[in-house]
Amino acid sequence: MRTVEEHQRVVAGLFARRPAQHVPIADALGMVLAEDVVAPLSLPGFDNSAMDGYAVIAEEVAGASEQSPVRLPVAEDIPAGRTDLLTLRPGTAHRIMTGAMLPAGATAVVPVEATNAATDTVEIYRDARPGQHIRRAGEDVTAGTTVLRAGQPVTPAALGLAAALGLAELSVVPRQRVLVMSTGTELVAPGTPLAPGQIYESNAVMLAAAMRDAGAEVVTTAMSGDDVDSFRAALRGHAGEADLIVTSGGVSAGAYEVVKDALAGDVEFVKVAMQPGMPQGCGTVTVDGRAIPIVTLPGNPVSALVSFEVFLRSPLRAAMGLPQPGRPRRTAVLTEDLTSPRGKRQFRRGVFDADAGTVTSYGPPASHHLRWLASANCLLEIDEDVDALTAGAAVTVWDLT
């Protein structure tokens, strides 16, 4: 059997990063910058008021107090967005709002709370130091400065900065586009009445969610029965511009293994020394002249999702330039005795207590017990050369939170 590490390397070798592209900033959240962002202008772009108040010449309000206010005629009213260029004449004040452009000659802003808030002649009850409550042009960003770096994930704050700089698009590493296919004649869509022997399809929904959670774009999800021609037609019909095809089911050793039957020669089907998830496959298929990587996962739901975590999540995220592509690994103290099949690396569902530094296995190890995986917060990894662990042993867990 192939080791886990060997299959990880083979699967990772299928991935290729897409060329950088410019996307509207509204679509760039969570993607990774492909180029540095250089500020085309300064922020702020002009001296402006940091407070609602009155623009003044600081020396003219020196010594102002409630007992001895300074009275100045209000010569102008400056709301935010006023675009004409104003000059403050000595002996006057301009009423000004937060963000409004400071008039030439003004050296300070007195907050409205320190005045009588008048619109004709203002009484000022507090002095002001030069520069008080003024945002200077370029004090946040100077034009020509590199403000965001290639390789940096696009966060809400980064998008706010890009918009403030007037940038409508960003150059990013595109998302990987994934087609998710689930196979099995027994499958029906949720919401459809079940006939005897049928089950609801869950793998495509689950794997598509895992792809999106990892940052990828899901082209579509599709189901196919156990007929080779139908499977091939569904694959051709949905592959489109997919960068990766992921299937679940049809890769074991029984009859009606539609994925193995349809893709023999294009996909290498192997057994990996792990539990769950032993039957695996990967390779490339040609659709409309395009060679598309394909990874075939087992059909049991826990096997499918564990296989995604072990083989797909990390190279998928790496192909999009995302930092820390793999799940965080922790060392925890086992709270119970466990056994494991020697010769296979076991990935058990677990509950990790970060405060206590402990982990407890959660539910049976069989690959159809999806309920337990849905409530677990980690995978407990037991090496293939270990067949028993005792409470108190140090073990590795994959943090799924």
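Of all accessible surface on region 48-135 at a 1.4 Å probe, what whole percent is carbon and sulfur? Let's see the in-between values first.
Values: 2100 of 4250 Å².
The computed percentage sits at 49.
Above 16 Å, the calculated P(r) of region 329-399 contains 41 percent of its Cα-Cα pairs. Dipole magnitude for the chain: about 640 debye, using +1 per Lys or Arg Cβ and -1 per Asp or Glu Cβ, origin at the Cα centre. With all protein chains kept in place, the per residue accessible area of region 112-251 amounts to 46 square angstrom at a probe of 1.4 angstrom. Give the separation of the Cα centroids, region 9-77 to region 166-209, in Å. First find each Cα centre; the distance between them is then 41 Å.
When DSSP beta bridges are restricted to pairs lying wholly in region 48-135, around 75% turn out antiparallel. Over the C-alpha atoms of region 10-118, the Rg to Rh ratio, Rh being the Kirkwood estimate, stands at 1.35.
Show me the trypsin sites (Lys or Arg not before Pro) within region 63-171 that DSSP assigns to loop and that have at most 12 other Cβ atoms within 10 Å of their Cβ.
Numbers: sites: Arg71, Arg82, Arg95, Arg126, Arg135, Arg136, Arg149; in loops: Arg82, Arg126, Arg136, Arg149.
Answer by residue number: Arg149.
Relative to one another, the C-alpha centroids of region 239-266 and region 374-391 are positioned 29 Å apart. Rounded to a whole number, what % of the accessible area of region 329-399 do carbon and sulfur atoms account for, probe 1.4 Å? The value for region 329-399 is 49 percent carbon and sulfur by accessible area.
Please express the shape of region 222-342 as an equivalent ellipsoid: the semi-axes are the square roots of 5 times the eigenvalues of the C-alpha gyration tensor, given largest first in whole angstrom.
On the way: eigenvalues 168, 80, 23 Å².
For region 222-342, the semi-axes come out at 29, 20, 11 Å.
Hey, can you find the accessible area per residue of region 329-399 for me, probe 1.4 Å, expressed in square angstrom? If you can, show how the numbers build up before the last one.
Working: 3470 Å² over 71 residues.
Using a 1.4 Å probe on heavy atoms only, each residue of region 329-399 averages 49 Å².
Out of the DSSP beta bridges found with both residues in the chain, what percent are antiparallel (nearest 5)? Mind showing how you got there, number by number?
On the way: 57 of 86 bridges.
Here the share of antiparallel DSSP bridges comes out near 65 percent.
Stokes-Einstein D for the chain at 37 °C, 0.692 mPa s, Kirkwood Rh over Cα pairs, in µm²/s?
D, rounded to a whole number, is 127 µm²/s.
Considering helices alone, the calculated mean residue ellipticity of the chain at 222 nm is -4500 deg cm²/dmol, with DSSP H runs of length four and up weighted by -39500 (n - 2.57) and normalised per residue. The packing ranking of peptides 104-114, 327-337, highest mean first, is 104-114, 327-337, where packing means the average number of other beta carbon atoms within 10 angstrom of each residue. For region 1-114, the antiparallel share of DSSP beta bridges with both residues in that region comes to about 60%.
The values are calculated or read from the model by the stated rules, or taken from the named source; none is laboratory data. As the structure is a computational prediction, the values presented were derived from the model and not from experiment. Because the Cβ atoms are built from the backbone with ideal geometry, glycine has one as well, and the counts that use them run over all protein chains shown. Calculation scope for accessible area: heavy atoms of the full protein, side chains included, ligands and nucleic acids excluded. Shrake-Rupley method; radii C 1.70, N 1.55, O 1.52, S 1.80 Å.
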